[in-house]
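Engineer: Have a look at the structure that comes next, please.
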Amino acid sequence: MTQKVLLGDEAVALGAIDAGIHAAYAYPGTPSTEILEYLLAHKQKHNKPFAAWCANEKTSYEEALGVSFAGRRAMVSMKHVGLNVAADPFINSALVTINGGLVVVSADDPGMHSSQNEQDSRYYADFAHIVCLEPANQQEAYEMTREAFDVSERFHIPVMVRIVTRLAHSRSVVNVSEPRAESPLSRADSPASWILLPVNARRQWHKLLETQKDLLDYSERSAYNSLRLSKDNNELGVITTGIAKNYYLENLSELDSEPSHLHIGVYPLPVEKIRKLVSHVKRVLILEEGYPYLERYLRGIIEPAVRIQGKLSGEVPREGELTPDNIRNALDLPPHRGLELSGFALPNRPPRLCTGCPHADSFHAIKGAVDANESVFMASDIGCYSLGALPPYSAIETCVCMGASIGMAKGASDAGLRPAIATIGDSTFLHSGVTALMDCIAADTDMTVIILDNETVGMTGGQPTILPDSRLESVVLGLGAKPEHVYVLSAHPKQNERNAEIIHQEINYNGLSVIITVRECLETLRRKKRDKQAEPAGSELVAV
Amino acid sequence: MKYDIIMAGVGGQGALSVSSIIASSAMSEGFYVKQSELHGMSQRGGAVVAHLRISDKPISSDMIPVGAASMILSMEPLESLRYLAYLSADGMLVTSTDPMKNIANYPDLGEVLRQIELTPHHVMLDSDQVAKKTGSAHSGNMVMVGAASHFLPVRAETIEKFISQMFARKGEKVVTANLKAYHAGRLAAEGSPGL
């Protein structure tokens, strides 16, 4: 057995490799990005598995589905909100008779370290009626990902592995076991089970519902769902899920008597094990990361005889991540105390655009283009340029979901709020802004779309944009934008004044304009230089 | 044995690299280690923090409880104060005094340093100056590893080995410069009242 030091994300990736995947697809998104990065690095060294960034999570999912049809194992990974984008193929894929193992990894971000919301992917797994595996640590992340492929092939369903930021981005030693060989190419034997025409879909839905009892049986028997009834404590039972177990164990030694404990790592929920625990105690405390999913399931609408404590009852915080500290109150333990600052106000240090960032120049040009007393609607989107919301720029008014800025600017313009401007990054544009632009082109909406092209996916660490940036202009023109209102400008401080003039002129044009402002991200540029210098021996000292 | 470290700094200062060197050293000496990091938006010049836990027994939580940290190791003085609540009463605050003033309302540096001096156990050093003296202006973070090395439950030679490993890809010169910075930091901390 070999040992490796891995991030939770990397443990998932290696688990998939050792499960013999043929292909992996993803769109970058914190905290899931490092899963595919690990696979790409592995591919560079070993020439397999096939691994690629895709236009968005939906296309990623569909490509993985194709691999599964061909009898081979595939993984698709994304952040929680990415699953919203892939929801259509995801939910429907639960109805097809999965051939090669298909695993979808969803990385949730409780605490919103780098996200717009805290949504809990376990609901999606439940909604799709599939199995969800929730590792508690890096070792389980590796093992459960391997197991997920077996479960997928055994029950012919896609399987979800749900992780959270704190596991995705935490590093520890993982014991790695013997890898499994790739499966041969073998087309799904009953294509009808992949054609979701109503007549087939109804049959498939019936089959999926029939399978539920087998899934429950699997979950009840799983060693990842472990129940320990305490002989001398009939008062309190604790149920933990995923990494919440760690925070419970962190505090356990301080409890007078060890409570009964059920840990859940496999869904559907192990009903029998839950019943056993509940019948043993007077009070149940539920510690789960994310939404009060299990708690609502147990609580129902009628007050039970057993007292249920958790997020809904207020003993466990409903917002943000769980920590070893914020569950202490629920365990009747006093708060820990640390050192305190007295009478010194600590200023916040929010993230910001890097000094010299091309987005800053684009924002300067846009601000310069707008008359001082003019009321402009400035929709924006998700990426580094979302930081344009903060001082000194204060240049944007919306950031809702990937690609929303163009559609929102159209809506505002349709409503009569003009001039309407949408700013969007190059990768975000290709991810899901491009479809909204089609609507704008079809209607020749009175608005200005500004694509902030820094030639990379900046926020997640500089992954390549899915189409080379030189092609953005031809994409826009190919959709039918009027060539006389399409501009490619350099996002350079020297050009700010001229750019402002052009933007000003296009804001005043009563139709659709598309302006692409181009300059490469400084970080990407710097990294390229650094990589060049590193080969052969480095000549300059660089701190990593 | 349990040694919990809060690693603090500003995005881009290399707090994660520091954490990774100490974590690797501890692992190679047979300790259990967990290292929790932040990626994504917080890397853009904002405050960054990593939790590094070292123990001779298996570690449950990736996050350090409040009041439990044996050390705060900070690349920047203001950031060393942000996580004070995590430090135990006899914990050590090791920080650079070299400020990263990328915010408009950075407090008076003298006041920040005075607040650090109010903590029971601390080591302060101007990592930038120390690094410059060794001729490698960019390795202030290795200076801080050196300063912290006096208190860590791992041998100084082990840390050296992993600094060499981390920079090996960049060539012998880079390795030597970073080792030099590490030793200078170690030496600079020796005279400090925190020891």
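The values are calculated or read from the model by the stated rules, or taken from the named source; none is laboratory data. Since the structure is predicted, the reported quantities are computational estimates derived from the model, not experimental observations. FYI the Cβ positions are ideal-geometry reconstructions off the backbone, even for glycines, and counts take in every protein chain you see. For the accessible areas, the whole protein counts, side chains as well, though only heavy atoms, and no ligand, DNA or RNA atoms are used. Shrake-Rupley method; radii C 1.70, N 1.55, O 1.52, S 1.80 Å.
Engineer: Out of all the residues in region A:234-243, is one or more over 33 Å from the mean Cα position of the chain (by Cα) and in a loop (DSSP other than H, G, I, E, B)?
Structural biologist: yes
Engineer: Determine if region A:363-385 includes at least one residue that is at the interface with chain B (Cβ under 8 Å from one of its Cβ atoms), more than 30 Å from B:Q115 (Cβ to Cβ) and not in a loop (DSSP other than H, G, I, E, B).
Structural biologist: Yes, region A:363-385 contains at least one residue that is at the interface with chain B (Cβ under 8 Å from one of its Cβ atoms), more than 30 Å from B:Q115 (Cβ to Cβ) and not in a loop (DSSP other than H, G, I, E, B).
Engineer: Just one of A:L36, A:L14 is touching a helix residue (DSSP H, G or I) at 6+ places or on another chain (Cβ under 7 Å) and not charged (D, E, K, R); which is it?
Structural biologist: Selected residue: A:L14, the only one of A:L36, A:L14 that is touching a helix residue (DSSP H, G or I) at 6+ places or on another chain (Cβ under 7 Å) and not charged (D, E, K, R).
Engineer: Counting only residues that are outside any helix (DSSP H, G or I) and either at the interface with chain A (Cβ under 9 Å from one of its Cβ atoms) or of a type outside the set (A, V, I, L, M, F, W, C) (or both), how many does region B:120-154 have?
Structural biologist: 13
Engineer: Could you list, in sequence order, the residues of region B:1-40 that are without any contact (Cβ under 8 Å) to a residue 40 or more places away in the chain and closer than 21 Å to B:N105 by Cα?
Structural biologist: Once the filter is applied, which keeps residues that are without any contact (Cβ under 8 Å) to a residue 40 or more places away in the chain and closer than 21 Å to B:N105 by Cα, region B:1-40 yields B:G11, B:G12.
Engineer: Counting just the residues of region B:16-35 that are touching a helix residue (DSSP H, G or I) at 6+ places or on another chain (Cβ under 8 Å) and within 11 Å of chain A (Cβ to nearest Cβ), which one comes out surrounded by the fewest Cβ atoms within 10 Å (Cβ to Cβ)?
Structural biologist: By that ranking, first place goes to B:S28.
Engineer: I need the full set of residues from region B:36-75 which are of a type in the set (D, E, K, R) and within 9 Å of chain A (Cβ to nearest Cβ), in order please.
Structural biologist: B:E37, B:R44, B:D62
Engineer: If you don't mind, there's one more thing I want to ask. Just one of A:E289, A:E303 is closer than 23 Å to A:D120 by Cα and either buried (at least 22 other Cβ atoms within 10 Å of the Cβ) or away from chain B (no Cβ under 14 Å) (or both); which is it?
Structural biologist: A:E289 is the lone residue from the list that is closer than 23 Å to A:D120 by Cα and either buried (at least 22 other Cβ atoms within 10 Å of the Cβ) or away from chain B (no Cβ under 14 Å) (or both).
Engineer: Tell me, which residue of region B:155-185 that is closer than 21 Å to B:I54 by Cβ, open to solvent by 10 Å² or more (accessible area, probe 1.4 Å) and touching an Asp or Glu at 6+ places or on another chain (Cβ under 9 Å) is nearest to the other protein chains (Cβ to nearest Cβ)?
Structural biologist: Per the criteria, the residue is B:T158.
Engineer: B:Y3: within 22 Å of A:S342 (Cβ to Cβ) and more than 8 Å from chain A (Cβ to nearest Cβ), yes or no?
Structural biologist: no
Engineer: Now a separate question. Residues of region A:103-118 being farther than 16 Å from A:S77 by Cα and at pLDDT 95 or above, which ones?
Structural biologist: A:P110, A:N117, A:E118
Engineer: What helices (runs of 4 or more DSSP H), lying completely within region B:1-119, carry at least 1 residues that are hydroxyl-bearing (S, T, Y) and closer than 24 Å to B:R186 by Cβ?
Structural biologist: Of the helices (runs of 4 or more DSSP H) lying wholly inside region B:1-119, those with at least 1 residues that are hydroxyl-bearing (S, T, Y) and closer than 24 Å to B:R186 by Cβ span B:15-28, B:77-82.
Engineer: Additional query: Kindly indicate which of A:G320, A:G310, A:G368 is surrounded by fewer than 19 Cβ atoms within 10 Å (Cβ to Cβ) and closer than 30 Å to A:Y248 by Cβ.
Structural biologist: Matching residue, one of A:G320, A:G310, A:G368: A:G320.
Engineer: Looking at (1) in contact with a helix residue (DSSP H, G or I) (Cβ under 8 Å, 6 or more places away or on another chain); (2) farther than 15 Å from A:V449 by Cβ; (3) surrounded by fewer than 22 Cβ atoms within 10 Å (Cβ to Cβ), find the lone condition where A:A395 falls short.
Structural biologist: For A:A395, the failing item is (3).
For every residue, the table says whether it meets (1) assigned to a helix (DSSP H, G or I); (2) out of contact with any strand residue (DSSP E or B) (no Cβ under 8 Å at 6 or more places or on another chain); (3) under 22 Å from A:Y509 (Cα atoms).
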position: A:H431; (1), (2), (3): yes, yes, no
position: A:T448; (1), (2), (3): no, no, yes
position: A:L467; (1), (2), (3): no, yes, no
position: A:E484; (1), (2), (3): yes, yes, yes
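Engineer: Read through the list (1) open to solvent by 50 Å² or more (accessible area, probe 1.4 Å); (2) of a type in the set (A, V, I, L, M, F, W, C); (3) within 14 Å of chain B (Cβ to nearest Cβ), then give the number of the only condition that A:L333 fails.
Structural biologist: Going through (1) open to solvent by 50 Å² or more (accessible area, probe 1.4 Å); (2) of a type in the set (A, V, I, L, M, F, W, C); (3) within 14 Å of chain B (Cβ to nearest Cβ) one by one, A:L333 breaks only (1).
Engineer: Identify all residues within region A:32-53 that are crowded, with 18+ Cβ neighbours inside 10 Å and either under 24 Å from A:A188 (Cα atoms) or within 14 Å of chain B (Cβ to nearest Cβ) (or both); write none if there are none.
Structural biologist: Residues satisfying the conditions are A:S32, A:T33, A:E34, A:I35, A:L36, A:E37, A:Y38, A:P49, A:A51.
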